[in-house]
Amino acid sequence: MLSCRSMLSQTIKKKKKNKRKNENKISANRAVSRKQSSISKNNESPYQEYEEEEEDTGEGFSLKTSAPPSHTHGVQPLGNLYLNPGCINSRNTGLGNLQTLTDELVLDILGLLDGTHLGVLATVSKSFYVFTNHEPLWRNLVLENLNGGFSYNGSWKSTYIAASYPSFEVSDICVSRLRVRDFYSDYLFQSWLCANLEMKPEWLERDNIIRRKGISVEEFVLNFEEPNKPVLLEGCLDNWVAPKKWDRDYLVRLCGDVRFAVGPVEMKLEEYFKYSDHTREERPLYLFDPKFAEKVPKLGSEYEVPVYFGEDLFNVLGNERPDYRWIIIGPAGSGSSFHIDPNSTSAWNAVIKGSKKWVLFPPDVVPPGVHPSPDGAEVACPVSIIEWFMNFYGATKTWKKKPIECICRAGEVIFVPNGWWHLVINLEESIAITQNYVSRRNLLNVLDFLKRPNANTLVSGTRDRVNLYDKFKNAIETSFPGTLEQLVQEAEEKRAQQKLSFWDTVTDSKVGAFKFSF
């Protein structure tokens, strides 16, 4: 077994390597706060305007009906310790000299151990018992060691034991639920709380996106794609086969044995559904597969690109184009934390079953609690989507320029313009199709992105990151002679003629201080 000193040394080296990310990481103490009183100074911008704060509803948090009444091992938030002055935190007494370390660092050290060593360490003290039974430790062991070849067994620990020791009868595997008295930890309690918290009604109320049905392609381009504004489109799926057929039973019959990309592994679809039925964790695994149409051609034939997004200039690259379409399946609570879509592309997302909550910020408005690195290669943000809502969503109430929000339901399509930050969370089990694309309105932005000095870090969805710019530019010039020169001229004329307000400039990612030079 690794010595404590050895484990600590390895962990500190790992910490230093990710220093910037960890410096920006959200304090665990904020997880149990009911309201974030102010925005981090790092996120303040001169164009954020404020108004009188909306009245707080005063509603508390509610647990899901399926949630246990308290943490599995009796962990309580640290604030409760101060309400019991006679108590001693058993977290500290059971860790010995390691009690000075943060909970996060203790877990990072434990993350260096294998399952056998975690099991041995769990017998040392009640405190180590609680830490070594932290489910994300066992989830990482499963995902790193079993390569998707597992069947979820109600918890990640029991899943690991069942897969690692197949001679055991699954029914005989007993994962202990020992409850420890007077164990106080914000970090561990937060993970349990975020996994079992219902979305508060006030997080779902705001719906300020523009909705359109039956508009022409010209109207879409003029009013939304050109000015780079989100819009929710209705009626686009009326002629699709997918909404009529894509329920769970149909998909299992069609491709239940097919392996799809789920986080860092591939899982059989039938096994993924089994997992999603029983999981109760802070960050549920999300099925997000870019090769679904190649794996199951019938899926690719049962939907069609809405007419508004028919022009996709990345098609000139043929099979060398970056990943661009995904099938997305996930249970309630799964989703994507704040990000900007890859390669400066725009996107559309069509909900086939279920519903999704969307929160979007314009390109130059960094969401509260989100910390992108200067080169844009990394983004540090709260561990889970629920944590962001708990700690940062309330801050946006005071902004006059509020984020764009909506609930996208089955049969609806949302247009996500290039450069917009967005967060998505499934409000129920959901199935969706999304595609990223490049049109003439966005071509110059994409080319500028692909030729950045750190393109080998930023460009995604392709193995040839360095040469993608040259390949794409040459293919465009061959397929559409004169198009680039015309678009550059139009962009320069537009900037020269228009006098935009500062807010207009930050919501239109085509406007900026740089010049296009292709």
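Is it fair to say VAL416 is among the β-branched types (Val, Ile, Thr) and surrounded by fewer than 20 Cβ atoms within 10 Å (Cβ to Cβ)? I'd like the intermediate steps shown before the answer.
Values: among the β-branched types (Val, Ile, Thr): yes; surrounded by fewer than 20 Cβ atoms within 10 Å (Cβ to Cβ): no.
No; evaluated as a whole, the condition is false for this residue.
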Filter pass, ALA293 being in the same structural domain as VAL413 (by the TED database), within 17 Å of the chain's Cα centre (by Cα), among the aliphatic types (A, V, I, L, M) and modelled with pLDDT of 95 or more: no
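Does SER185 fit the bill of being over 29 Å from ALA293 (Cβ atoms), touching a residue at least 60 places away in the same chain (Cβ under 8 Å) and within 21 Å of the chain's Cα centre (by Cα)? Walk me through how you get there before you give the answer.
Details: over 29 Å from ALA293 (Cβ atoms): yes; touching a residue at least 60 places away in the same chain (Cβ under 8 Å): yes; within 21 Å of the chain's Cα centre (by Cα): no.
Here the answer is no, as SER185 does not meet what is asked.
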Filtered residues of segment 432-460 (kept if in a loop (DSSP other than H, G, I, E, B) and either open to solvent by 30 Å² or more (accessible area, probe 1.4 Å) or modelled with pLDDT under 90 (or both)): ARG440, ARG441, LYS451, ARG452, PRO453, ASN454, VAL459, SER460
Criterion: within 14 Å of TRP326 (Cβ to Cβ) and among the aromatic types (Phe, Trp, Tyr) - qualifying residue of TYR250, TYR303, TYR275: TYR303
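Taking segment 396-413 on its own, how many of its residues are open to solvent by 10 Å² or more (accessible area, probe 1.4 Å) and over 25 Å from GLU304 (Cα atoms)?
Quick first cut of segment 396-413, residues open to solvent by 10 Å² or more (accessible area, probe 1.4 Å) only: 397-398, 400-402, 404, 407, 409-412.
Still in the list and also over 25 Å from GLU304 (Cα atoms): 397-398, 400-402, 404.
Here the count works out to 6.
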Selected residue (only one of VAL413, VAL424, VAL359 is at pLDDT 95 or above, within 15 Å of the chain's Cα centre (by Cα), closer than 16 Å to ARG211 by Cα and assigned by the TED database to the domain that holds TYR286): VAL359
Some residue of segment 255-268 being of a type in the set (Gly, Ala, Ser), under 20 Å from the mean Cα position of the chain (by Cα) and buried (at least 16 other Cβ atoms within 10 Å of the Cβ): yes
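Is it true that some residue in segment 462-480 is assigned to a loop (DSSP other than H, G, I, E, B), out of contact with any Phe, Trp or Tyr (no Cβ under 8 Å at 6 or more places or on another chain) and either among the polar types (S, T, N, Q) or closer than 15 Å to TRP358 by Cα (or both)?
So in segment 462-480, the residues assigned to a loop (DSSP other than H, G, I, E, B) come out as 462-467, 480.
Within this subset, residues satisfying the condition of being out of contact with any Phe, Trp or Tyr (no Cβ under 8 Å at 6 or more places or on another chain) are 462-467, 480.
Narrowing the set further to residues that are either among the polar types (S, T, N, Q) or closer than 15 Å to TRP358 by Cα (or both) leaves 462, 467.
For segment 462-480, residues assigned to a loop (DSSP other than H, G, I, E, B), out of contact with any Phe, Trp or Tyr (no Cβ under 8 Å at 6 or more places or on another chain) and either among the polar types (S, T, N, Q) or closer than 15 Å to TRP358 by Cα (or both): present.
Step by step: first the residues of segment 269-288, then only those that are open to solvent by 40 Å² or more (accessible area, probe 1.4 Å) and without any contact (Cβ under 8 Å) to a residue 60 or more places away in the chain, then the one that is nearest to LYS471 (Cα to Cα). Which residue is that?
Applying the first criterion (open to solvent by 40 Å² or more (accessible area, probe 1.4 Å)) to segment 269-288 yields 270-271, 274, 277-278, 280, 283, 288.
With the extra rule that they be without any contact (Cβ under 8 Å) to a residue 60 or more places away in the chain, the set shrinks to 270, 277, 288.
On the way: GLU270: 39, ASP277: 44, PHE288: 27 Å.
In this case the residue turns out to be PHE288.
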Where a residue in segment 116-144 is closer than 13 Å to LEU188 by Cβ and at pLDDT 95 or above and its partner, wherever it lies, is acidic (Asp, Glu) and part of a helix (DSSP H, G or I), with Cβ under 8 Å and at least six apart: PHE131/ASP103
Residue that is least open to solvent (accessible area, probe 1.4 Å) [pool: residues in segment 188-242 that are β-branched (Val, Ile, Thr) and either in contact with a strand residue (DSSP E or B) (Cβ under 7 Å, 6 or more places away or on another chain) or touching a residue at least 40 places away in the same chain (Cβ under 8 Å) (or both)]: VAL231
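The values are calculated or read from the model by the stated rules, or taken from the named source; none is laboratory data. The shown structure was predicted, so the numbers you read here are calculated from the model rather than taken from an experiment. Cβ coordinates were reconstructed from backbone atoms using ideal geometry, including for glycine residues, and neighbour counts include every protein chain displayed. Only protein heavy atoms, including side chains, enter the accessible area calculation; ligands, DNA and RNA are left aside. Shrake-Rupley method; radii C 1.70, N 1.55, O 1.52, S 1.80 Å.
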